[in-house]
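Working notes for the structure below.
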Amino acid sequence: MALGGRPRVVLDAVGWALATQLIGLLENGGTFIAYGLLSGEPLLSSTTAVIGRELRIRGVSVGQWAHGRTPELQASDVEFAVKLARKAPELFDVAATYDLTDFQEALAEVGRPGKGRNRPAHHASHPCESKRVMRIGMLGAGQVAQAVARHAVAAGHQVALSNCRGPAFIASVVDRLGPLASAGTPAEAAQAELVLLAVWWTDVPDALAAAGVKDWQGRIVIDATNQFVGNPPNLQAADLGDVPGSEHIASMLPGARVVKAFNTLYAAYIAADPRHPAGRQIVFLAGDDSEANRRVATLVEEFGFAAVNIGGLREGGRLMQLGGPLSGLHALKQD
Ligand SMILES: NC(=O)c1ccc[n+]([C@@H]2O[C@H](COP(=O)([O-])OP(=O)(O)OC[C@H]3O[C@@H](n4cnc5c(N)ncnc54)[C@H](OP(=O)(O)O)[C@@H]3O)[C@@H](O)[C@H]2O)c1
């Protein structure tokens, strides 16, 4: 993060919604450089963020660079960049460094008047933590899975989607998501270190049978389901007696650390940019394993949401399920 006023140049290696925020931070006449475009999505920016600001847009994509240069030229480019960084550290006027998971905090800091003074040289949410690229498997490739997948690839994670009818039916979805996304079978998706369960309640037994995992061995499964039974317009909440839907799903996932999340929001609000002028869209989450809860919270915060942990699967799940006070509650957290 540069010291002083607003930056004259910003380098965006991710694209999509992040571009909007970075463009907003630039001083007028500044330069926006799109590099890498990992999200594979179009650059997004509102017209008000660019009109009359005399901005310059530059960029190169990793694909362009990789295909347009010989291996020798690529090696010399990398060598040049490393030498430049070593020889001229003043070019990299650093006021503070942030873990990628804390990029929202870094952006807020750049936009703060008088920023960059009296700050420690290094800042990270936890001294031992650094951003890990995750492979996220998705059981389901519908509205919810696609919405979460878009945030995940924008944050640099790999996603493996799966569906009922087979990978060919989601080829265009995967194309739109870009190079970090792939389509496979439920069994392949279920091998990922973190899995999102996003199929209809009545399809859960089939999806899990297709996933074929006998013991999840401590892997995290995010349960985004709602316990709808019946067919539209006669949808009803499944009657599970005293058992909340979250625990019912957990009982079908032996050895998994289940975290209930995303089910309280309509898919359109999961898909949208969660950052609003009044605050960040809240994602409630509930789970019995504090480390799994923390990892899911970190992930959803990386997507730009505000994670609010409301407790264990039993009591939290009850609050979040259909008919619970948090179901359909679209709330913002003021930072
Ligand atoms: N839509 C919302 O606003 C919303 C919001 C929060 C939570 N939820 C909950 O999230 C879950 C998913 O909802 P959605 O709206 O994303 O549904 P959706 O758009 O209808 O997508 C469902 C996906 O599940 C796949 N599927 C069905 N059976 C399967 C199987 N046996 N194995 C693997 N995949 C299978 C479907 O595959 P095909 O494409 O091949 O049919 C489809 O991709 C539901 O439990 C819902 O209640 C929905």
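Miscellaneous remarks
- Residue match in the range 206-219 (condition: in contact with a Leu (Cβ under 8 Å, 6 or more places away or on another chain) and within 19 Å of ARG314 (Cα to Cα)): no
- Where THR225 falls short, out of the listed (1) more than 20 Å from the chain's Cα centre (by Cα); (2) part of a loop (DSSP other than H, G, I, E, B); (3) within 23 Å of VAL259 (Cα to Cα); (4) within 7 Å of the ligand (Cβ to nearest atom): (1)
- Failed criterion for VAL243 (all others in (1) closer than 23 Å to GLY212 by Cβ; (2) in contact with a Ser or Thr (Cβ under 9 Å, 6 or more places away or on another chain) hold): (1)
- Qualifying residue in the range 185-202 (condition: within 21 Å of ALA155 (Cβ to Cβ), assigned to a helix (DSSP H, G or I) and in contact with a Leu (Cβ under 8 Å, 6 or more places away or on another chain)): yes
- Single residue of ALA154, ALA141 found to be farther than 20 Å from ILE249 by Cα, touching a residue at least 24 places away in the same chain (Cβ under 8 Å) and either of a type in the set (A, V, I, L, M) or more than 14 Å from the ligand (Cβ to nearest atom) (or both): ALA154
Okay, residues lined up against (1) within 15 Å of the ligand (Cβ to nearest atom); (2) within 30 Å of PHE103 (Cβ to Cβ); (3) of a type outside the set (Gly, Ala, Ser):
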{"position": "LEU161", "(1), (2), (3)": "yes, yes, yes"}
{"position": "ARG176", "(1), (2), (3)": "yes, yes, yes"}
{"position": "LEU180", "(1), (2), (3)": "no, yes, yes"}
{"position": "ALA198", "(1), (2), (3)": "yes, yes, no"}
{"position": "TRP201", "(1), (2), (3)": "yes, no, yes"}
{"position": "PRO205", "(1), (2), (3)": "yes, no, yes"}
{"position": "ALA209", "(1), (2), (3)": "yes, no, no"}
{"position": "GLY212", "(1), (2), (3)": "yes, no, no"}
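- The range 250-268 - residue that is hydroxyl-bearing (Ser, Thr, Tyr) and closer than 13 Å to SER327 by Cα and, of those, surrounded by the fewest Cβ atoms within 10 Å (Cβ to Cβ): TYR266
- Criterion violated by LEU253 - all others in (1) touching a strand residue (DSSP E or B) at 6+ places or on another chain (Cβ under 7 Å); (2) within 16 Å of the ligand (Cβ to nearest atom); (3) not in a loop (DSSP other than H, G, I, E, B) satisfied: (3)
- A count restricted to the range 162-205 and to residues that are among the acidic types (Asp, Glu) and surrounded by 14 or more Cβ atoms within 10 Å (Cβ to Cβ) stands at 2.
- The criterion of being modelled with pLDDT of 95 or more, out of contact with any Lys or Arg (no Cβ under 6 Å at 6 or more places or on another chain) and among the basic types (Lys, Arg) does not hold for ARG132.
- Among the conditions (1) over 27 Å from ASP99 (Cβ atoms); (2) among the aromatic types (Phe, Trp, Tyr); (3) in contact with a Pro (Cβ under 8 Å, 6 or more places away or on another chain), TYR266 misses just one, which is (3).
- Test result for VAL159, under 29 Å from ARG318 (Cβ atoms), buried (at least 24 other Cβ atoms within 10 Å of the Cβ), under 16 Å from the mean Cα position of the chain (by Cα) and at pLDDT 95 or above: no
- Residue satisfying all of: in the range 264-312; assigned to a helix (DSSP H, G or I), of a type in the set (A, V, I, L, M, F, W, C) and within 16 Å of the ligand (Cβ to nearest atom); nearest to ARG219 (Cα to Cα) among these: VAL296
The values are calculated or read from the model by the stated rules, or taken from the named source; none is laboratory data. A quick note: this is a predicted structure, and the numbers were derived from the prediction, not measured. Glycine gets a Cβ as well: all are built from the backbone with ideal geometry, and neighbour counts include every protein chain shown.
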